[in-house]
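Worksheet: one structure, shown below.
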Amino acid sequence: MDIPYTTQLRPDTGLYNAKVGIWLFLASEVMLFGALFSAYILLRVGAPEGYWPHGWLNVPLGTANTLVLITSSITTVLAWVALKANQFGRFKLFHAITLLCALTFVGIKSFEYHDKFVHYEITLKDGKFADGHMVENNLKPEGAGYSGYAVIRGHRVEDERELYDPYAHKAPHEEIRIEGPQISKMSSYGPWHNTYTAIYFTLTGLHALHVIGGALVIGFLWGPGSRLWKTDPERFTNRIEISGLFWHFVDLVWIFLFPVLYLL
């Protein structure tokens, strides 16, 4: 039994089934990300003055990822256009570029995540703070403190608020050896570090999962799924259009994430 309206337009919506489904799905995605963006706004507005981070993210890398996703949106459209023009070879080329862009985006984001997990804020027992990237970690938990030592490449500050805007407090970065008994507590800049890193990892992590999910679908359509072109080219072209609509949504979400998290 054939499924109706896989290529023909429905009389009630003027769209084929898959396009109706993707628009309903994207509506739910808008509500999901809308709630998270709203949470971000409320958390930022409610933060104590001087305790909302600025300059914690790598703007050049964020800009590069923005250009990568914009490029991928263009190539996924060109892949669909190539099928409409009955140019299967050009479709394979443009979709391959889309996949390469997706892998590049995930690779850059993974590098950014790794940078946060090796970046530490260390509270010292004299009330000062040391902040920087871990170079050598020989610390061992001992009772309520630590033994051994750690070496970071960073700086010391008197007031924790100086860490929230590194551009306003340009302390020189150098290798600092910190003895374990001097440490009161320490934490990497993972999602557990503070409110900002929690919402940052939530928003960008969820977005990255969408990129990976979209890339898997595009990869399937580029590879084994492309066999449908030989038996039902119109239905296959519609599948490429649907995957492209999802990919454009993923791109659009990042267009909002980049300025909100990296620039403001």
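The values are calculated or read from the model by the stated rules, or taken from the named source; none is laboratory data. Everything numeric here is computed off the predicted structure, so don't read it as measured data. Don't worry about glycine lacking a Cβ; one is built from the backbone with ideal geometry, like all the others, and counts go over all protein chains shown.
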- request: Looking only at the range 34-55, count how many residues are of a type outside the set (A, V, I, L, M), exposed (fewer than 12 other Cβ atoms within 10 Å of the Cβ) and at pLDDT 95 or above.
  value: 2
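Take the conditions closer than 20 Å to Phe201 by Cβ and modelled with pLDDT of 95 or more and apply them to Phe117. Does it pass? It would help to see each step written out before you state the result.
Details: closer than 20 Å to Phe201 by Cβ: yes; modelled with pLDDT of 95 or more: yes.
Considered against the rule, which asks whether it is closer than 20 Å to Phe201 by Cβ and modelled with pLDDT of 95 or more, Phe117 comes out as yes.
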- prompt: Just a yes or no: is a residue in the range 197-205 under 20 Å from Leu67 (Cα atoms), modelled with pLDDT of 95 or more and either out of contact with any helix residue (DSSP H, G or I) (no Cβ under 7 Å at 6 or more places or on another chain) or charged (D, E, K, R) (or both)?
  reply: yes
query: From the list Asn58, Asn137, which one is exposed (fewer than 15 other Cβ atoms within 10 Å of the Cβ) and not small (Gly, Ala, Ser)?
result: Asn137
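Residues that are in a loop (DSSP other than H, G, I, E, B) and among the aliphatic types (A, V, I, L, M): does the range 171-184 have at least one? Lay out the reasoning, then the answer.
Just the residues of the range 171-184 that are in a loop (DSSP other than H, G, I, E, B), to begin with: 171-173.
Filter again for among the aliphatic types (A, V, I, L, M), leaving 171.
So far as the range 171-184 goes, yes, one or more of its residues are in a loop (DSSP other than H, G, I, E, B) and among the aliphatic types (A, V, I, L, M).
Residue by residue, here is whether (1) surrounded by 19 or more Cβ atoms within 10 Å (Cβ to Cβ); (2) assigned by TED's automatic domain parsing to the domain that holds Leu67; (3) more than 27 Å from the chain's Cα centre (by Cα); (4) part of a helix (DSSP H, G or I) holds:
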| residue | (1), (2), (3), (4) |
| --- | --- |
| Asn86 | no, yes, yes, no |
| Leu100 | no, yes, no, yes |
| Phe105 | yes, yes, no, yes |
| Ser110 | no, yes, no, yes |
| Arg153 | no, no, no, no |
| Arg156 | no, no, yes, no |
message: For the range 63-97, which positions are within 18 Å of Gly225 (Cβ to Cβ), touching a Phe, Trp or Tyr at 6+ places or on another chain (Cβ under 7 Å), hydrophobic (A, V, I, L, M, F, W, C) and in contact (Cβ under 8 Å) with a residue 40 or more places away in the chain?
response: Ala79, Leu83, Phe88, Ala96
- prompt: When the range 211-244 is examined, which residues are found to be surrounded by fewer than 19 Cβ atoms within 10 Å (Cβ to Cβ), under 18 Å from the mean Cα position of the chain (by Cα) and in contact (Cβ under 8 Å) with a residue 60 or more places away in the chain?
  reply: Ile212
- line: Only one of (1) closer than 28 Å to His248 by Cα; (2) part of a helix (DSSP H, G or I) does not apply to Val45, and that is (1)
task: Give the number of residues within the range 4-25 that are at pLDDT 85 or above, under 15 Å from Thr237 (Cβ atoms) and among the hydrophobic types (A, V, I, L, M, F, W, C).
output: 1
